[in-house]
């Protein structure tokens, strides 16, 4: 079955003509990113000429995908939009709420019981509004999308930061917040600042222990966690054609770790082979028909990339060494030879306690075959794992095929435990068995994100990121200082043995196999169906619209917290045990900024000054959420002040909805991560940046803060921030913003959803 084939046919039918028209209008050769973006304009009659990094553009994505944690809030918002059915093909995937504990069967049984209320809600909403529903166990959203929905030259948005995984099939796929998804499902345009385009030229061919994972691990070290912000990473060159479709997906997936809007590869034979292997031969034939004109950059771009890309980076695959990145940030990159030396010099815990392979980044059939080849030879050479070993297939199709072909048995033979086809340990849904949940220790994963406390809740866990095959090798050694390229291991017979180079199959020789992929099609007509949410539920809560702007400047805001250092969406709204409250805004708001480091109070975490108490009883500190609720109860607005790249990490819009719910009126940062800045705007929070970053130092713990100039709020016009210090003095400085005219309407309406509802209501009148 090919999903949404008519939509895909229509897209390809008009693509060549549209690309020709765009090329003529622009008077320039086109990158692949430009071809896809500009053939998806919401207003097809609009002049397709935009300034990269400056102009906001309205797009019309082909589809929407949502994982179960973010889908709850996205769909609660959509239910308030006034539509009877989604305007574009949309899907929900139940992958985030399954805890990794004892193994696949046991964990799925527990998840279905514990999360029954949420799963029933998502299934019923999907059924009512025409949304495809993938049941728990079906697989990780991005792997399922790659297997079923992604197509070259298409555009999709997904409520998860790793949506760019679909770039492995040449699709512009962008991670967004749930409000963006609600917009598109409501038939409204999706707004995005026209991205810059960074060209990544790949030459040579991977060999030995090097893998697609190492391409993006090396690139993360070059670009850092913010070097790709507001940019698309477009890969090209002869080396790109040597990488499998799923390998390309791995590379695109982790583009999120450098802040990139998305990543993509040009269409080639590898993509065509994957489409055919996954039952989409017709899509491959359609893509073949427009490939040269539409699904790769123009010849002039490939010949003179420096003229057309904002930056060009070249990587020689033939010289690429396996990388290990970390700890605590995915851009701390080092080739394995340097990493071993560095790990010893820096005193990282050398013993490796757990190796974990899988996740949306590296859970394809090819990934499993390469890792299984290491496991198989280990068994042959008399080796067993010296660390815990956890394996997570990406989808039921991959798991079923891997079981048929003996791959899972290879892992189990050396002590591996196969978990459910879900996100598990990668997102903090890991019930880790440990003798001490607070001590320093090292783990190695093939995941994508390794912020402190992300995997197991322990900020002292040093999480390192590597390819599945290298992770497997390190698990056999039981230490992070093992280099399989040069070092030997001692087997059970006392012999020194060296691991051979891993081998893998891009696609299963016998084809993919699955009994039940886990898909539930929606009802043809859901108009008579009712979505029931119990008023007593602790997991789900209907949304009340946020209040519109009152027409006045924001005066007398209380400083809720001034954060120091890295403040990711994990710090703002933790995952792990909090995932169960993703559909209940009031309950999940209890975790607001609980992981953020306070710039005052000796750098405490989740401990901020409550001046309402201190005025009467002396200085008192309390949880961030408690202080925010105290302000809200007294009718006082608050403000968050932060440093660079605030909101780095996931797309979770709870990091924007929670402060809005608890009365935060503005966030003032040195800079924002792209998705989070948009999420703040969508929820009606004023997102501002210091015109001069050093002004961050001026903010004192007991300040009240005013933001002036909102009556004249306009694109490109700075606002004024006034600090009212406790000693009676004041300071003021300029604050910049990136709001355009439409986004200013969101602010005035109280949220983007409020504005959508107003517009849909007017259409119905």
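Would you please classify the overall shape of region 538-671 from the alpha carbon gyration tensor, given that a ≥ b ≥ c denote the square roots of the eigenvalues, rounded means a/c under 1.5, and beyond that prolate means a/b larger than b/c while oblate covers the rest?
Note, shape of region 538-671 comes out rounded.
Going highest first, how would you order 56-65, 277-286 by mean Cβ packing within 10 Å?
Working: 56-65: 22.3, 277-286: 18.8.
Top of the packing list down: 56-65, 277-286.
So for each of 744-752, 421-429, 543-551, 681-689 I average, over its residues, the number of other beta carbons within 10 Å; can you give me the resulting order with the highest mean first?
421-429, 681-689, 744-752, 543-551
Please compute the length gained on full extension between residue 552 and residue 58, using 0.36 nm multiplied by the number of residues separating them and subtracting their Cα-Cα distance. Don't skip to the end; give the middle numbers.
On the way: separation 494, 0.36 × 494 = 177.84 nm, distance 2.94 nm.
Residue separation times 0.36 nm, minus the Cα-Cα distance, leaves 174.9 nm.
Using the Cα gyration tensor of region 365-437, with a ≥ b ≥ c the square roots of its eigenvalues, what is the shape: rounded (a/c below 1.5), prolate (a/b larger than b/c) or oblate (neither)?
Taking the square roots of the gyration eigenvalues as a ≥ b ≥ c, region 365-437 is oblate.
Under the rule a/c < 1.5 gives rounded, and otherwise a/b versus b/c splits prolate from oblate, where does region 89-190 land using the Cα gyration tensor?
oblate
Cα-Cα pairs above 14 Å in region 650-715: how many percent?
Roughly 63 percent, once rounded to a whole number.
Starting from the 7 Å offset along Cα-to-Cβ, what nm value, one decimal, do you get for the label separation of residue 328 and residue 9?
5.7
Calculate log10 I(q)/I(0) of region 83-139 for q = 0.13, 0.16 Å⁻¹, where I(q) comes from the Debye formula with a single equal point scatterer on each Cα and nothing for solvent.
-0.36, -0.51
Compute the length gained on full extension between residue 725 and residue 586: take 0.36 nm times their separation in residues and subtract their Cα-Cα distance, giving the result in nm to one decimal. Display every interim value, and only then the final one.
Working: separation 139, 0.36 × 139 = 50.04 nm, distance 3.19 nm.
Contour length minus Cα-Cα distance gives 46.9 nm.
Nearest 500 deg cm²/dmol is fine: what mean residue ellipticity at 222 nm does the chain get from its DSSP H runs of n ≥ 4 alone, each adding -39,500 (n - 2.57), divided by its residue count?
Helix contribution divided over all residues of the chain: -9500 deg cm²/dmol.
Below 8 Å, C-alpha to C-alpha, sequence gap of six or more: please give me the relative contact order for region 387-472 in percent.
Relative contact order comes out at 25 percent.
Please compute the length gained on full extension between residue 460 and residue 24, using 0.36 nm multiplied by the number of residues separating them and subtracting their Cα-Cα distance.
Between residue 460 and residue 24, full extension yields an extra 151.3 nm.
Assuming a viscosity of 1.567 mPa s and a temperature of 4 °C, what translational diffusion coefficient in µm² per second does Stokes-Einstein assign to region 554-764, Rh being the Kirkwood radius over Cα pairs?
So the translational diffusion coefficient is about 75 µm²/s.
Taking every DSSP beta bridge with both residues inside region 592-701, roughly what % is antiparallel (nearest 5)?
Bridges in region 592-701 that DSSP calls antiparallel: roughly 25 percent.
Averaging over all projection directions, find the projected area of the Cα convex hull of region 603-706 and quote it in nm² with one decimal place.
6.8
Beyond 20 Å, how much of the Cα-Cα pair distribution for region 174-323 remains, as a whole percent?
Values: 6023 of 11175 pairs.
Percent of Cα pairs beyond 20 Å in region 174-323: 54.
At 7 Å along Cα-to-Cβ for each site, give me the label-to-label distance between residue 46 and residue 306 in nm.
Going from the residue 46 label point to the residue 306 one covers 3.4 nm.
D for region 1-125, whole µm²/s, Stokes-Einstein with Kirkwood Rh over alpha-carbon pairs at 25 °C and 0.890 mPa s: what number?
On the way: Rh = 18.1 Å.
Approximately 136 µm²/s, per Stokes-Einstein.
Any idea what the alpha-carbon Rg over 2.2 N^0.38 Å comes to for region 324-497?
Details: Rg = 15.1 Å, N = 174, 2.2 N^0.38 = 15.6 Å.
Output field value: 0.97.
How do 483-489, 96-102 rank on mean C-beta neighbours within 10 Å, highest first?
Taking the mean over residues of other Cβ atoms within 10 Å, the ranking is 96-102, 483-489.
Can you pull the one-decimal nm distance between simple spin-label points at residue 564 and residue 105, each 7 Å off the Cα toward Cβ?
Here the answer is 5.2 nm between the modelled labels.
Please list, in order, the residues from region 253-278 whose amide nitrogen is less than 15 Å from a point placed 7 Å along the Cα→Cβ vector of residue 519.
Zone members listed by number: 275-278.
Using only Cα positions of region 5-319, each an equal point scatterer, no hydration layer, compute I(q)/I(0) via Debye at q = 0.13, 0.15 Å⁻¹ and quote the log10 values to two decimals.
Normalising to I(0) and taking log10 leaves -0.93, -1.22.
Can you give me the relative contact order of the chain as a percent, contacts being Cα pairs under 8 Å and 6 or more apart? Don't skip to the end; give the middle numbers.
On the way: 1873 pairs, mean separation 104.6, N = 765.
This gives 14 percent for the chain.
What Kirkwood hydrodynamic radius, in Å, does the chain give when the mean of 1/r is taken over all pairs of distinct Cα atoms and then inverted? Walk me through the numbers before you get to the answer.
Numbers: mean 1/r = 0.0379 Å⁻¹.
When all Cα pairs of the chain are included, the Kirkwood radius is 26.4 Å.
Please find the FRET efficiency linking residue 693 to residue 495, where r is the Cβ-Cβ separation and R0 is fixed at 41 Å, and quote it to the nearest 0.05.
For R0 = 41 Å, the calculated efficiency reads 0.10.
Compute the Rg/Rh shape ratio of region 296-423: radius of gyration over Kirkwood radius, all on alpha-carbon atoms.
Here Rg/Rh amounts to 1.08.
Rule-based calculations on the coordinates, nothing more; no lab input. Nothing here was measured: the structure is a model prediction, and the numbers come from that model. All Cβ positions, glycine included, derive from the backbone under ideal geometry; neighbour counts span all protein chains shown.
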